[in-house]
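Some notes on the structure that comes next.
The values are calculated or read from the model by the stated rules, or taken from the named source; none is laboratory data. Here the structure is a predicted model, which means the values were calculated and not measured. Cβ placement follows ideal geometry from the backbone for every residue including glycine, while neighbour counts extend to all protein chains displayed.
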Amino acid sequence: MPVLAIVGAGPGLGAAVARRFGREGFSIALISRDHLKLNSLATELGEEGLTARAYPADVLEGAALEAALAKAASDLGPITALQYSPLPSREYLKPVLDLTPDLALEALRFSALGLILAARAVLPAMRAAGDGSIILINGGTSVKARADFSGTSVAFPAESAYGEALHDALAPEGVRVAQLVIPGSIPKLPLENGLEDVAEKIWEIHSVPGPFRTMLIPLDDGRE
């Protein structure tokens, strides 16, 4: 059975993506730092007939993130798809004149270094199989900086650069690395079916090889 690991799983987009992949026969590994919400989501998905397990870990704690991914692979099988979508702290949305080196470093650890750790954990099995996907979910500051969202304006482009380099390096091996840019809050975007439309787009990105970056909607139509 294929396995999807969602880093940054929650009751919104994470749950919608879990259900979309679950309909395709995927087992779901849910990873985030909120133990209670994670366990609740795993239970809810299980009651719907999906195979879903919770693996609490904070992306700022590299060893814990690596351990969670390793335990998921041990329990459910090699990870076929990885979604890296932890929700940035509001601290990372400070004005640029208030950005300190320590806060910038934390934002980079959260976005870029967390992705590097997660990717290195799942790539050996994907490369051995000649198949798999790593999907980054980022806001609009990954492609256009904002003076009032300074932390993500620094960290998201670093995460994007690593992802794009992986895309170029791994495409010949059949492993897909892609980024979905969501420029704004999903409930406020012009989407007919909201979260379900985003989950469907993520399924398409996983299923069909394509370019590194996909814009959910044009950047100017969003709020971030």
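Would you please name the residue that is modelled with the highest pLDDT, looking only at residues in the range 172-196 that are among the charged types (D, E, K, R) and over 18 Å from the mean Cα position of the chain (by Cα)?
Glu173
Check whether at least one residue in the range 165-182 is without any contact (Cβ under 8 Å) to a residue 40 or more places away in the chain and either under 19 Å from Gly12 (Cβ atoms) or of a type in the set (Phe, Trp, Tyr) (or both), and report yes or no.
no
Just one of (1) surrounded by 17 or more Cβ atoms within 10 Å (Cβ to Cβ); (2) among the small types (Gly, Ala, Ser); (3) more than 19 Å from Val181 (Cβ to Cβ) trips up Gly130, so point out which.
Unmet condition: (1).
Restricted to the range 36-92, and to residues that are in contact with a strand residue (DSSP E or B) (Cβ under 6 Å, 6 or more places away or on another chain), surrounded by fewer than 23 Cβ atoms within 10 Å (Cβ to Cβ) and of a type in the set (Ser, Thr, Tyr), which residue is farthest from Ser142 (Cα to Cα)?
Only one residue fits best here, namely Thr51.
Kindly indicate which of Ala169, Ala155, Ala165 is closer than 21 Å to Leu87 by Cβ and either among the hydroxyl-bearing types (Ser, Thr, Tyr) or at pLDDT 95 or above (or both).
Values: Ala169 fails: closer than 21 Å to Leu87 by Cβ; Ala165 fails: closer than 21 Å to Leu87 by Cβ.
Only one candidate passes the filter, namely Ala155.
Got a number for residues in the range 35-54 being in contact with a Ser or Thr (Cβ under 9 Å, 6 or more places away or on another chain) and part of a loop (DSSP other than H, G, I, E, B)?
Of the residues in that region, 2 qualify.
Would you confirm whether any residue within the range 65-74 is in contact (Cβ under 8 Å) with a residue 12 or more places away in the chain, under 16 Å from the mean Cα position of the chain (by Cα) and closer than 22 Å to Leu195 by Cβ?
no
Can you report the number of residues in the range 55-90 which are in a loop (DSSP other than H, G, I, E, B) and not aliphatic (A, V, I, L, M)?
Residues flagged as in a loop (DSSP other than H, G, I, E, B) and not aliphatic (A, V, I, L, M) within the range 55-90 amount to 11.
Within the range 190-208, can one find any residue that is free of Cβ contacts under 8 Å to residues at least 60 places away in the same chain and either closer than 17 Å to Ala119 by Cβ or touching a His at 6+ places or on another chain (Cβ under 6 Å) (or both)?
no
Just give me the residues in the range 171-188 being surrounded by 18 or more Cβ atoms within 10 Å (Cβ to Cβ) and touching a Gly at 6+ places or on another chain (Cβ under 9 Å), in sequence order. Full working, then the answer.
The first filter runs over the range 171-188 and keeps only residues surrounded by 18 or more Cβ atoms within 10 Å (Cβ to Cβ), leaving 175-183.
If the condition is that a residue be surrounded by 18 or more Cβ atoms within 10 Å (Cβ to Cβ) and touching a Gly at 6+ places or on another chain (Cβ under 9 Å), then Val175, Arg176, Val177, Ala178, Gln179, Val181, Ile182, Pro183 are the ones that fit.
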